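Down below is the structure, laid out as structure tokens.
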Amino acid sequence: MDQKLNDILLQNNSDKTRLINILWDIQRQYGYISREAVAQLSEALNLSPMDIAETISFYHFYRTKPFGEHTIYLCDSAIGRMNGYQAVRDALEQEAATGFGAVSADERFGLADTNCIGLSDQEPAMMVGDVVFTRLTPAKVASIMADLKAGKAPADIANPQGHDSHTLAYVESIVETGIQNEGAVLFQPGRDYKALLQSGLGQHPDEIIDDVTVSNIRGRGGAGFPTGLKWRLGREAEGAEKYIICNADEGEPGTFKDRVLLTRSPKDVLLGMIYGGYAIESRFGIIYLRAEYWYLKDYLERQIQDFRNDGLLGTDILGSGFDFDIRIQMGAGAYICGDETSLIESCEGKRGTPRIKPPYPIQQGYLGMPTIVNNVETYACISQIIEKGGRWFADIGTEDSTGTRLLSVSGDCARPGIYEIEWGMTLNEVLDMVGAKKPMAVQISGPSGECVSVAKDGDREICYSDLSCNGSLMIFDESRDLLDIVRQFMHFFVEESCGICTPCRAGGVDMRTKIERVIDGRACQQDLDECVEWGALMRATSRCGLGTTAAKPILTTLDKFPELYQAKLSEAKHALLASFDLEQAVGEYDYAFKALVEEASK
Amino acid sequence: MSISITIDGKEIETEEGETLIDVAADNGVYIPSLCYMRGKPCLGTCRVCSVKVNGNVMASCTVPVADGMEVSVADPEVADMRKALVEINFSEGNHNCPSCEKSGRCELQAVGYEVEMMASRFPYRFPVRTRDHASEHIFLERDRCIFCQRCVEFIRDKETGQKIFTISERGTGAQIDIDEELANKMTPEQVTEAAEMCPVGCIIEKGLGYNDPMGKRKFDIKSLRQRTLEGEEV
Amino acid sequence: MNKPVKEDETLAHHLPTTPMDPDVMAARNAKIQVAMIGLCGCWGCNLSFLDMDENLLKLLEKVNINRSSFTDIKEIPVRSAIGFIEGGIANEENIETLEHFRENCDILISVGACAVWGGVPAMRNVETLEDCLREAYIDSPTRPLQQPPTIPYHPDIPRITKKVYPLHEVVKIDYFIPGCPPDGQVIYKVLDDLVHGRPFSIPAEINRYD
Amino acid sequence: MSRKLVIDPVTRIEGHGKVTVHLDDNNKVIGARLHVVEFRGFEKFIQGHPYWEAPMLLQRICGICFVSHHLCGAKALDDMIGVGYSTGNSVTVAAEKIRRLGHYGQQLQSHVTAYFYLIAPEMLFGIDAPPEQRNVLGLVEANPDLVKRVVALRKWGQEVIVAVLGKRMHGISSIPGGVNNNLSIEARDRLLNGEDGLIGVDTVIEYAQDALAVFHDFHEKNREMVDSFGDVPALNMCLVGDDDNVDYYHGKMRIVDADKNIVQELDYHDYLDHFSEATEEWSYMKFPYLKALGREEGSVRVGPLARLNVTKSYEDSTPLAKAALERFHDYTKGKANNMTLHTNWARAIEILHSAEQIKNLLNDPDLQKTDLLLTPPKSDWTGEGVGVVEAPRGTLLHHYRADQEGNMTFCNLVVATTQNNTVMNRTVKSVAETFLNGNELITEGMMNAIEVGIRAYDPCLSCATHAMGQMPLVVSVFDASGKLVDERVR
């Protein structure tokens, strides 16, 4: 057996639940995952080669064939397309001398599209190896490509001063953190984590949970489940082990707040996780970090190591007798893994398909054990709640939405970036704050959220009872073609559907066909009615959140901007349906005939 | 613990934690399904067994019954959703009942009858899917696959316990694969089991197919509804 | 609307015909009018129509069949209540004919697998039209190699469509009768229900797709 | 000035066709064609499917002779898996008889449908009767009792098919190596004795004789027209057994000339060696002919008229049909009968013959036997097979190849309607000239005569359009100079 591969298996103690890591190690070692490697893995892990292929083929970033010395992933997102994506794409194709989805003749460059990589405030952006390049222009692309051709490593180009990859300086030399305001809860400087944890561990786990409950904080991932209740259930749940997972998959297009939290307040997050572990008596924590954030990995490892060195992680933490440690689990490119049960499957080395609920993770999660999954921001907030008390937190924001909300603002505004607002601010106030000119529509909570009309919804409050928001705010001004943006969002869901359940897998495609038909001017009122009917079907019957929300780009714009659709409707001529393309149907014969006549005359 | 729930207004005594779709069948209420097999773990892939539970639409194969649950199967809205899900399965693949050997033994077809499907409301896609006929005894007609995952979850290599059928890619690109080596090790009984388990004509045994005369095919003799209501285990 | 007639052509059914007994015609016109056609199919559904057996005669007491491949009436002569259509859409003439039916019938029924979803002929939809034609006219095993291949393309024949289409993807269809073919008695039930103003229904026990 | 007349659609045939006729300034016919405008392409899309699907899939070519396609396919698959006549061994006696029963049932229902629903109206009302009358509605109005008998007769034929294939149309019976079911006692007795709403076999034979009478009566009254209508000489082909009689299920291909001399006899497995299919740049339909005799001499007629021209006699077990056949043979004094409308006479005789044969089979205990299927060892696999039967419209041939994995790789179908291409050309020419030449005023009735000529062959345009290669059928007539008007290809 290949020695390097052997080492990789050893490092992962030939544990099939670590398959995601094993596959990453192999790909980073060899550039791709070969048949031979899979064959050896199947031996070592007692999985059939095709079983391993199941997992490999599920994730966007795994490759089973060489794809160039440098694989370049250009972010294809609605925001990117508003900021020069196409010109950058063309420039890349020209510089790399190959098309997207292909490898250059000299095998140096492979070009591919990828969905939102969490840089919406500085797009167009692309991933090259472990680093990213932002605010791209054709000129910038030219110089980056020149450096790469000259043999420079991507990291050296992105980080010219050569900062250590374990440092904040390194991360910030690659991406801007873009914090735009000062908020009431997060990003507090100069915290003494040792003292904080000391006092935290001085309390009884029930007191911790009570504090969290009193704070009335709800999950920051978007679903808004009361965290106190979740922790209470976690504490009560029985299991040989229990697990604390931090969901840092942040795949929702337009969202990048977690990236910024992990950059500026990583220890807040770690602290929150430790409290969680202490509260439910768990010994292990996992940070599920999306592969798009690889440039944060070393830095976060260093933060974890600092905590270990200071005795904040490990065994008998600060003499409390409480053991807890945290590992980072990298993702591999699958939006669906933002769903907590998909994320858990992925942590176990499998395809990221959502589980059937019940049982819930709190009952049977990671490795079948009680598991708490919370969002990065939730843990960060809790690190403050335990310090300042649940009441303090509950007094911020509104009755049902306590504390603050981090907003990732992008699109048509003067100052995109990260804003920490108190719940209860109106949409118009937010738009003023970020300097939005002539805003027409705002996509709240990303494609899976809702598209609201500034004219109709400007005075609505951002809070769970009114305008619920997971932190993503994409602003589209009056010049934007909203229907085309809807088409892009539907395409996104079709690409990211795991396909396990029928309504999402099949319905998404038919819904995309509908919006394309509308854009082509071949739709009639019946098509719009069917959009509503089919959308309701997906919402009601899909297995997970992806499917239940995948129709929302159409449904919410149809609700808020019906005139855009009406203007596109076609009048049927004669008896033929507008959707039937007569010329395409019969014209094909002319092409086929001509082609064959030429062929025959040769 | 003995509890009571209502299905379409009818009071039903049952045991807490039983699966709703089974409880319904045991009480004479047929709920169609394409992936669920009584006595086997729930797959929850086809969603055709969707019903209203306390007003919310849920796949009844995933619902453990709880005391006081109010279930609506007949509700027209959710009934039409079940029908739509069956229809979209027909238009998503290439389901050519007229020449398909599984006709009369096919669960998708049988469920189509039960929901009184005439035509699919969704556009027929005519996807181009490749067949896999490399293995000795099994012909994989992917045109007909509905991704129920029965074969993936319930058929295993006797020796190693490894998967024989797997699913690769994701979303619309997903496809069922067969491990030729392991497939060729399958016993005749196991091959038949796999073919029988496939709710459509995707996994078929080579060389056979039309041996059951019309009128004597599985669902000619007894309808899927009847079989389900009689609690037949597959 | 009738199918457009090329100006240099005379349609045989527009030539002078032997007149029909007016009383007989009056009796026929008093009945419910049904028009029938087979498009791209095997004509089996039309034969299944005959499989109504004695019920066909019963039905004929109430309805009159005008245009049909069983009669020599080649255009729908009067506004008709029901259009009975077998077969899918496979060439431009099918499209014209289907339009003719949609515009002259109150209710259109897709009869049989080919009409409902394309049926067996639609199996060519997974091939490109070009490949189909190549197979037939260039790579054909029986093609005499001493002469160059001919590919059909002529004013007197309609162009073949890119795909075979279900009727309801081309015009609005009111009802569907699945089956290859539908059983004659199922066809009878549907027509009899419609003729007597009962709602369309094909219960599970008699519904068949094969 | 020259004129172009169009019959669109041709009605009372299976499938959809169209006729164009060109007349010159003197109203002389210079060109006439029957176009078939459909296209289905079975030979292409069957490829890649499992071989055992072929008989189920390919019977969908046709709604009226589907049993023939089903059988033909199954026989080809017998060959393929090594239970073929090519390998000497055959399917079991029970299997073969059950296959024959289904086939005769179809012949009966197919001929009855064509004879009464499509052809009879002219026999009763005349060729130039009002178009509204020339159809089953006219029959119902004129002679409801006749129609009731026709319905009963056709229904019984369909029920024979149900007894064997489980379904009136597109059922299942034949599978590679035999059949999947025998004939149940209940089904047998139903068909023999009839029941409420179903006539018995003796009534069937009685009605079959009435059908024959309809022709004789029509013949009496219009002898001159009937005998002169489209009298076109051609070779005649059908399958014959060792007794020199037509065998509708199996046999060698025999071709006889006008004097009934055997001009060729061949094992159908060798069809590719003996037949070519010519292509004309002005025509889409191929023209099969015997290589040995060439294009003009070598074109054959198939179907009822051809079969009765070829066969020496009928079995003694079908006495009524045998007697009728003798009368038919005597009418042309031992020569081949070329009179197009006599095809309907032949068709009526075959209805009677089928009825008698079905009776014989129903009384045969072999059909309740249970040894129905042969499953030869994998080693017998040949991977190629040819099947042939006498379909109602004539000799039908299926030829398949499949790979070791069971995947269809090749499929060629030669259908009866294609075989009749040339002789239908000649008929349409002859009829068009007889009825149209020199007439200033052309009526719809005259044009109908052309359709009558076509209908005599009961062409199945559904069959003819199974493949793009046969699309569309074009019947063409040359003027004196052998040139065709308006034949540019656009």
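Just so it is clear, none of the values below were taken in a lab; they were calculated from the coordinates. Not measured: the values here are computed from a predicted model. So basically every Cβ, Gly included, is an ideal-geometry build from the backbone, and we count neighbours across all protein chains shown.
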Task: Rh (Kirkwood; distinct C-alpha pairs) - chain B, Å - done: 18.7
TODO: Please state, to two decimals, what the Cα-based radius of gyration of the range A:113-170 comes to when divided by 2.2 N^0.38 Å (N = residues).
DONE: 1.14
Open item on the list: Just want the answer: with Cβ charges of +1 for Lys and Arg and -1 for Asp and Glu, which residue in A:184, A:196, A:215 is farthest toward the dipole's positive end in the range A:173-224?
Closed with: A:184
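Taking N as the number of residues in the range A:3-58, what value does Rg over Cα atoms divided by 2.2 N^0.38 Å take? Could the numbers behind the result be given before it?
Values: Rg = 9.8 Å, N = 56, 2.2 N^0.38 = 10.2 Å.
With N residues counted in the range A:3-58, Rg over 2.2 N^0.38 Å equals 0.96.
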Task: Cubic angstrom per residue, convex hull over Cα atoms of the protein assembly as shown - done: 194
Task: In Hz, Karplus ³J(HN,Hα) per residue of the range D:219-233 (6.51, -1.76, 1.60; θ = phi - 60°; x = Gly, Pro) - done: 5, 3, 6, 10, 3, 5, 5, 4, 6, 9, 5, x, 7, 10, x
TODO: Amide H neighbours of residue A:523 under 5 Å, at least 5 residues apart or on other chains, H built in the peptide plane: list them.
DONE: A:570
Open item on the list: Can you tell me the orientation of helix D:93-112 relative to chain D, as the angle in degrees between its alpha-carbon axis and the longest Cα principal axis, to the nearest 10?
Closed with: 20
Task: Using θ = phi - 60° and Karplus 6.51 cos²θ - 1.76 cosθ + 1.60, couplings along the range A:434-446 (whole Hz; Gly, Pro as x) - done: 9, x, 8, 9, 6, x, 9, 9, 10, 8, 8, 6, x
Open item on the list: How large is the convex hull of the C-alpha atoms of chain C per residue, in Å³?
Closed with: 160
Open item on the list: For the range A:489-602, take every pair of Cα atoms, bin their distances at 10 Å starting from 0, and report each bin as a whole percent.
Closed with: 13, 35, 25, 16, 8, 2
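Given the -39500 (n - 2.57) contribution per DSSP H run of 4+ residues, what per-residue ellipticity at 222 nm results for chain A, rounded to the nearest 500 deg cm²/dmol?
Values: 27 runs with 277 residues, N = 602.
-13500 deg cm²/dmol, from helical runs alone.
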Task: All-pairs alpha carbon distance profile, the range D:190-279, 5 Å steps from 0, percent - done: 3, 10, 11, 11, 13, 15, 14, 13, 8, 3, 0
Open item on the list: Given Cβ point charges of +1 (Lys, Arg) and -1 (Asp, Glu) and nothing else, what value in debye, to the nearest 20, does the dipole of the range B:87-211 about its Cα centre take?
Closed with: 300
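Could you tell me how many cubic angstrom of Cα convex hull volume the range B:125-178 has per residue? Don't jump to the answer; show the numbers that get you there.
Details: hull volume 4.9 nm³, N = 54.
Cα-based convex hull of the range B:125-178, divided per residue, equals 91 Å³.
Which value at 222 nm does chain D reach when only helices count, each DSSP H run of 4 or more adding -39,500 (n - 2.57), with the total divided by all residues and rounded to the nearest 500 deg cm²/dmol?
Details: 19 runs with 202 residues, N = 490.
Value at 222 nm, helices only, nearest 500: -12500 deg cm²/dmol.
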- [ ] Report the charge-dipole magnitude of chain A in Debye, nearest 20, computed about the Cα centre from +1 at each Lys and Arg Cβ and -1 at each Asp and Glu Cβ.
- [x] 380
Open item on the list: What would the Debye equation give as log₁₀ I(q)/I(0) for the range A:70-158 at q = 0.20, 0.21 Å⁻¹, counting only Cα atoms as equal point scatterers?
Closed with: -0.86, -0.95
Task: Cross-link reach list, lysines versus residue A:152, counting only Cα pairs under 30 Å and skipping chain neighbours closer than eight places - done: A:4, A:65, A:140, A:297
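Report the percentage of all Cα-Cα pairs in the range A:270-405 whose separation exceeds 24 Å, rounded to a whole percent. Display every interim value, and only then the final one.
Working: 3521 of 9180 pairs.
Counting pairs separated by more than 24 Å, the tail of P(r) holds 38 percent.
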Task: √(5λ) per eigenvalue of the Cα gyration tensor, chain D, largest first, Å - done: 35, 28, 20
TODO: Using just the helices of chain C, give the 222 nm mean residue ellipticity in deg cm²/dmol: DSSP H runs with n ≥ 4 each add -39,500 (n - 2.57), and the total is spread over all residues, rounded to 500.
DONE: -8500 deg cm²/dmol
Task: Interatomic Cα distance distribution for the range A:404-480, bins of 5 angstrom, percent - done: 4, 18, 33, 31, 13, 2, 0
Open item on the list: For q values of 0.09, 0.13, 0.22 Å⁻¹, compute log₁₀ I(q)/I(0) with the Debye formula on a Cα-only model of the range D:60-202, without solvent.
Closed with: -0.36, -0.66, -1.25
Open item on the list: Quick check: the angle from helix A:482-496's long axis to the longest principal axis of chain A, C-alpha only, nearest 10 degrees?
Closed with: 60
Task: Simple spin-label estimate for residue A:143 and residue B:3 in nanometres, 7 Å along Cα-Cβ - done: 6.6
TODO: With just the Cα atoms of the range B:87-211, tell me how far they stretch along each of the three principal axes, in Å, largest first.
DONE: 45, 35, 22
Open item on the list: Could you compute Rg(Cα) / (2.2 N^0.38 Å) for chain A, with N its residue count?
Closed with: 1.00
Task: Spatially near lysine pairs across chain C, Cα under 23 Å, sequence gap of 8 or more or different chains - done: 16
Open item on the list: If amide hydrogens are placed 1.01 Å from N in the peptide plane, which non-local residues have theirs closer than 5 Å to the one on residue B:177?
Closed with: B:166, B:167, B:168
TODO: Could you name the lysines whose alpha carbon sits less than 28 Å from that of residue A:456, not counting residues in the same chain fewer than 8 places away?
DONE: A:257, A:437, A:438, A:514, A:552, A:560, A:568
Task: Net charge dipole size for the protein assembly as shown [Lys, Arg +1 and Asp, Glu -1 on Cβ; Debye, nearest 20] - done: 1340
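Can I get the semi-axes of the range D:414-459's equivalent ellipsoid? Compute them from the C-alpha gyration tensor as square roots of 5 times the eigenvalues, in angstrom, largest first.
Working: eigenvalues 114, 22, 6 Å².
The three semi-axes for the range D:414-459 are 24, 11, 5 Å.
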- [ ] Would you mind checking which residues have amide H under 5 Å from residue C:164's amide H? H placed 1.01 Å from N; only 5 or more apart, or other chain.
- [x] C:125
TODO: Identify, among D:246, B:197, A:324, the residue whose Cα sits farthest towards the positive end of the charge dipole of the protein assembly as shown, taking +1 on the Cβ of Lys and Arg and -1 on the Cβ of Asp and Glu, with the dipole about the Cα centre.
DONE: D:246
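Stokes-Einstein D for the range D:235-337 at 37 °C, 0.692 mPa s, Kirkwood Rh over Cα pairs, in µm²/s?
On the way: Rh = 14.5 Å.
Value of D from the Cα-based Kirkwood radius: 226 µm²/s.
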Task: Lysine pairs in chain B with Cα atoms under 18 Å, if 8 or more residues apart or on separate chains - done: 11
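Among A:576-583, D:394-401, A:500-507, how do they line up from the highest to the lowest mean number of other beta-carbon atoms within 10 Å? Could you put the intermediate results ahead of the total?
On the way: A:576-583: 16.0, D:394-401: 25.1, A:500-507: 28.1.
The packing order, highest mean first, is A:500-507, D:394-401, A:576-583.
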TODO: Rounded to whole Hz and in sequence order, give me ³J(HN,Hα) for the range A:48-57 from the Karplus expression 6.51 cos²θ - 1.76 cosθ + 1.60, θ = phi - 60°, writing x for Gly and Pro.
DONE: 5, x, 6, 5, 5, 4, 3, 6, 3, 6
Open item on the list: For Cα pairs less than 8 Å apart in space and 6+ apart in sequence, what is the mean separation divided by the residue count of the range C:1-138, i.e. the relative contact order in percent?
Closed with: 26
- [ ] Using a 10 Å cut-off on Cβ to Cβ distances, tally the other chain neighbours for every residue of D:445-452 and report the average as a whole number.
- [x] 3
